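A short worksheet on the structure shown next.
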Amino acid sequence: MKNINRIYLLVFLSVFFAACGDDPTDLPSAQNTIDWTAAADSSSMSLINNYWNQDKYHFNNDNYGNIGKYDYWTEAHGLDVLVDAYERTKKEVYKKAIYDFYEGVKAKNGGRFWNNYYDDMGWHGMAHLRALEATGDNRYEQSAGDLWKWILEGWDDYGGGGIRWNHENNVAGMSKGVPSNGPAAIIAARRWQKYGNSEIVNGKNDSIWLDMIYSWMKTYCFEPQTGRVFESKNDTKGDWTYNAGTFIGAALEYYKISGDKTYLNDAIKTADRAISTLVNTSNGVLSDWAEQPDHDVDLFKGIFVRYFTLLILNHDLPETKRTRYVSFMKNSAEYLWNKGTRKSSAVLFGYHWWEAPDNATASLRVQLSGSMMMEAMALLKEKGVL
């Protein structure tokens, strides 16, 4: 397996470095002007060549072929990056990986996409719907629909409503919070836009589910005066980038459907709070306090970037806000590419975006987060925002 990966890597690098120059570290990384399209190309291809399992059709846990047992949720974000790269480039290598992912990850997960955690199924529900839209592969329509029905089984009236964290119906800690409800609200909105009244789950259409889920989050996990988004109803001290990200995403989707600027303003408040507080105070770079090697938290920043980028691209965002948000993104992305990326035999990102990894190993979570940032910057460039 490793030998096959290395062959693919050597072929890719020989072509890529030939385009960049004789120096194998001569990747697109100029201090003053970064070609974000080239950066996205190199990071997403590095993800394919170093993390994609060419035999089993899922992602490995690191760039040395180790397979993580409990990384079901991480696989969903890998699919998201494949979709990002395919939508941007239309390259067959990404489309094939999206196609193969379906059976490979399903087999790895015991022959189904069901999972004990509602939040983890939420990440897959969003990614599968995107894969369907990008490629037209109808298998993803089936899986996305199944995941949505399973997710809604987690809703109950305890604590005012909300979707539980897992099937054990825990009543403490993360029992109900943004990790499971944020993705669910986004799914509800997107499925409403796609299926309308033709889809009824547990007696309600997706528009009703959107309102119920979003209203629950806003009541129990959102501070309207400041824009803070809490981890859960029972943990009002938890501030994480991914929760801010999915709340922004849900608010934007609700605004798209309703035209009610209350929801756009919710997204703006949350974004303003996040980029002021969820940062490294010495350089202003996006950061979560608990970042560490090969940990779930290392993926959180990429999730925030995904939905923050959609806010930047929203036509109704005030230009003063857009200017500030783009400046924030550029600062974080430039630190990541110039300081937080190892560019030798592969493009590898650091879990702190201002520190490159000190060896040739990086976890999938770290790599996905960095790849999301590079794809986001390429998208902003394509849309003429940068």
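The values are calculated or read from the model by the stated rules, or taken from the named source; none is laboratory data. Predicted model, so just to flag it, every value in this text is computed and none were measured. In this analysis, Cβ positions are derived from the backbone assuming ideal geometry, glycine residues included, and neighbour counts consider all displayed protein chains.
Exactly one of (1) out of contact with any Gly (no Cβ under 6 Å at 6 or more places or on another chain); (2) buried (at least 20 other Cβ atoms within 10 Å of the Cβ); (3) at pLDDT 95 or above is unmet by SER175. Its number?
Unmet for SER175, out of (1) out of contact with any Gly (no Cβ under 6 Å at 6 or more places or on another chain); (2) buried (at least 20 other Cβ atoms within 10 Å of the Cβ); (3) at pLDDT 95 or above: (3).
Can you name the condition, by its number, that VAL297 falls short on among (1) within 19 Å of the chain's Cα centre (by Cα); (2) surrounded by fewer than 15 Cβ atoms within 10 Å (Cβ to Cβ); (3) in a helix (DSSP H, G or I); (4) not small (Gly, Ala, Ser)?
(2)
The conditions are (1) surrounded by 22 or more Cβ atoms within 10 Å (Cβ to Cβ); (2) closer than 26 Å to ALA333 by Cα, and TYR214 fails exactly one of them. Which is it?
Only one criterion in (1) surrounded by 22 or more Cβ atoms within 10 Å (Cβ to Cβ); (2) closer than 26 Å to ALA333 by Cα is unmet by TYR214, namely (2).
Among the hydrophobic types (A, V, I, L, M, F, W, C), in contact (Cβ under 8 Å) with a residue 60 or more places away in the chain and surrounded by fewer than 23 Cβ atoms within 10 Å (Cβ to Cβ): which single residue out of LEU317, LEU311 fits that description?
It is LEU311.
Looking at region 242-264, is at least one residue under 25 Å from LEU368 (Cα atoms), of a type in the set (Asp, Glu) and either touching a strand residue (DSSP E or B) at 6+ places or on another chain (Cβ under 7 Å) or without any contact (Cβ under 8 Å) to a residue 12 or more places away in the chain (or both)? I'd like the intermediate steps shown before the answer.
Let us first name the residues in region 242-264 that are under 25 Å from LEU368 (Cα atoms), namely 242-253.
This time we only want the ones that are of a type in the set (Asp, Glu), so: 253.
Pick out the ones that are also either touching a strand residue (DSSP E or B) at 6+ places or on another chain (Cβ under 7 Å) or without any contact (Cβ under 8 Å) to a residue 12 or more places away in the chain (or both) and you get none.
No, every residue in region 242-264 fails to be under 25 Å from LEU368 (Cα atoms), of a type in the set (Asp, Glu) and either touching a strand residue (DSSP E or B) at 6+ places or on another chain (Cβ under 7 Å) or without any contact (Cβ under 8 Å) to a residue 12 or more places away in the chain (or both).
Test ASP84 against the stated conditions and say whether it is buried (at least 20 other Cβ atoms within 10 Å of the Cβ) and either free of Cβ contacts under 8 Å to residues at least 40 places away in the same chain or among the acidic types (Asp, Glu) (or both). Give the derivation first.
Working: buried (at least 20 other Cβ atoms within 10 Å of the Cβ): yes; either free of Cβ contacts under 8 Å to residues at least 40 places away in the same chain or among the acidic types (Asp, Glu) (or both): yes.
So ASP84 fits the description; yes.
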